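**Student:** One structure follows; several queries about it will come next.
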Amino acid sequence: SDELIIRNLRVSIEGKEILKGVNLTLPKGEVHAIMGPNGTGKSTLAYTLMGHPAYEVTDGEVIFKGQNILELEPDERSRLGIFLAFQYPVAIPGVTVANFLRTAVNARRRAQNPEDKGIPIPEFRKLLKAKMELLKVDPSFAGRYLNDGFSGGEKKRAEILQMAVLQPEIAILDETDSGLDIDALRIVAEGVNALRGENLGVLVITHYQRILNYIRPDVVHVMMDGRIVETGDADLALHLEEHGYDWVREKVDNGT
Ligand code: ADP
Ligand code: MG
Ligand code: MG
């Protein structure tokens, strides 16, 4: 089906259970945010979806298009149409942004069809031009060497551009608090806003509430102690910004 379904997901690190039964359904066409205090398992969820080997899945499944993606290699997850942003934190000397993106597009095409000869260069140029216009990226950016002296914002710009040319159906973005200046936040947020639409579902895992001042999510989930404990609309994020997490914790502790 056209939903990413996380069902009763339990994950341990070094024998310690971090995710204690996460349930969440992300339909295509919606933007969902996961918020929560530090140390509650948000990055653990992101790493697990990415397929990081240190994270041991002890129970549950993550279904997309009838497959449990937890059983797939990261490149197979990509072929299925899932974009996992921090799958690609690369610095490749001497490779331009454009070449890097073309390689990414070709890897995806070859994963779908081993006989594929790669995207014809004129077609790629057209695709890249269209996406750069959509995202309001200066044309000169395509000729820059990837990650060579990139600011936090420029790294995010390359990442969002990669998402745009790969045209995933589901995108999972873990916006860690480290190195996300206001510039980088806006680039991610404006990128998500430009790309959001009925063919894309986005899960923004935020460590930094401020990003939600720029992206209005359809649904907000609160994670606490390895579970999703509260789900609401965009106003939930505003409420949390104003009142913090204590009231959620009290609700959880009282079992209501
Ligand atoms: P969040 O992203 O919500 O801040 P994390 O998923 O990073 O939370 O961490 C959840 C818990 O898992 C924390 O208690 C953290 O100390 C622990 N943890 C995270 N990564 C590791 C790791 N690689 N080894 C051991 N413990 C870890
Ligand atoms: Mg943390
Ligand atoms: Mg984290």
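**Student:** Quick one: Debye curve from the C-alpha atoms of the chain, no solvent, what's log10 I(q)/I(0) at q = 0.08 Å⁻¹?
**Tutor:** Rounded to two decimals, the profile gives -0.32.
**Student:** If I fit a long axis through the Cα atoms of helix 97-112 and take the longest principal axis of the Cα atoms of the chain, what angle between them do I get, 0 to 90°, rounded to 10?
**Tutor:** 70 degrees
**Student:** Let me ask something else about it. Given Lys131/Lys156; Lys136/Lys156; Lys42/Lys65, which pairs have Cα atoms separated by over 18 Å?
**Tutor:** Lys42/Lys65
**Student:** Taking 8 Å as the Cα distance limit and 6 or more residues as the minimum spacing, I'd like the relative contact order of the range 3-253 as a percentage.
**Tutor:** On the way: 442 pairs, mean separation 72.4, N = 251.
Relative contact order of the range 3-253: 29 percent.
**Student:** Ala194 to Lys117: extension gain in nm, 0.36 nm per residue of separation minus the Cα-Cα distance? Let's see the in-between values first.
**Tutor:** Values: separation 77, 0.36 × 77 = 27.72 nm, distance 3.01 nm.
Result: 24.7 nm gained on full extension.
**Student:** With springs only between Cα atoms under 10 Å, which of Gly244, Gly81, Gly226 fluctuates most in a Gaussian network model of the chain?
**Tutor:** Looking only at Gly244, Gly81, Gly226, the largest GNM fluctuation is found for Gly244.
**Student:** Right, another one. Rounded to whole Hz and in sequence order, give me ³J(HN,Hα) for the range 168-174 from the Karplus expression 6.51 cos²θ - 1.76 cosθ + 1.60, θ = phi - 60°, writing x for Gly and Pro.
**Tutor:** Per residue, the Karplus-derived 3J(HN,Hα) values read x, 9, 10, 10, 10, 10, 9 Hz.
**Student:** In the neighborhood of Ala104, defined by Cβ-to-Cβ distances under 13 Å, what is the net charge if each Lys or Arg adds +1 and each Asp or Glu adds -1? Mind dumping the intermediate values first?
**Tutor:** Values: positive: Arg79, Arg102, Arg108, Arg109, Arg110, Lys131; negative: Asp75, Glu159.
Charge balance in the 13 Å sphere: +4.
**Student:** Going by how many other Cβ atoms sit within 10 Å of their own, how do Lys16, Lys42, Lys28, Lys126 line up, fewest first?
**Tutor:** Taking fewest neighbouring Cβ atoms as first place, the list is Lys16, Lys126, Lys28, Lys42.
**Student:** Out of Leu212, Leu240, Gly29, whose Cα points farthest toward the positive end of the dipole of the range 3-253 (charges: +1 Lys, Arg; -1 Asp, Glu; placed on Cβ)?
**Tutor:** Ranked along the dipole, the leading option is Gly29.
**Student:** Measure nothing but the geometry: give the 0 to 90° angle between the long axis through the Cα atoms of 234-243 and the longest principal axis through the Cα atoms of the chain, rounded to 10°.
**Tutor:** The two axes meet at around 60 degrees.
**Student:** Return the Rg/Rh ratio of the range 1-99 with Cα-based radii and a Kirkwood Rh.
**Tutor:** Ratio of gyration radius to Kirkwood radius: 1.00.
**Student:** Tell me which residues come under 5 Å, amide H to amide H, from Ile34 once H is placed; ignore anything under 5 positions away on its chain.
**Tutor:** Hits under the 5 Å cutoff: Val204, Ile205, Thr206, His221.
**Student:** Picking from His239, His32, His52, which is most flexible by a Gaussian network model of the chain using Cα springs under 10 Å?
**Tutor:** His239
**Student:** Taking the Cα atoms only, what angle lies between the long axis of helix 121-134 and the longest principal axis of the chain, rounded to 10 degrees?
**Tutor:** The angle comes out near 50 degrees.
**Student:** Starting from the Cα of Arg216, step 7 Å along the direction of its Cβ; do the same at Leu134; then give the gap between the two resulting points in nm.
**Tutor:** Calculated label separation equals 2.1 nm.
**Student:** Counting DSSP beta bridges with both partners in the range 3-253, what percentage is antiparallel, nearest 5?
**Tutor:** 60 percent
**Student:** Could you state the number of Å between the C-alpha centres of the range 96-112 and the range 116-182?
**Tutor:** Answer, in whole Å: 12.
No lab work stands behind these numbers, since they all come straight from the coordinates. Predicted model only: the values in this text are computed from it and were never measured. Heads up, the Cβs are rebuilt from the backbone with ideal geometry, glycines too, and the neighbour counts pull from every protein chain shown.
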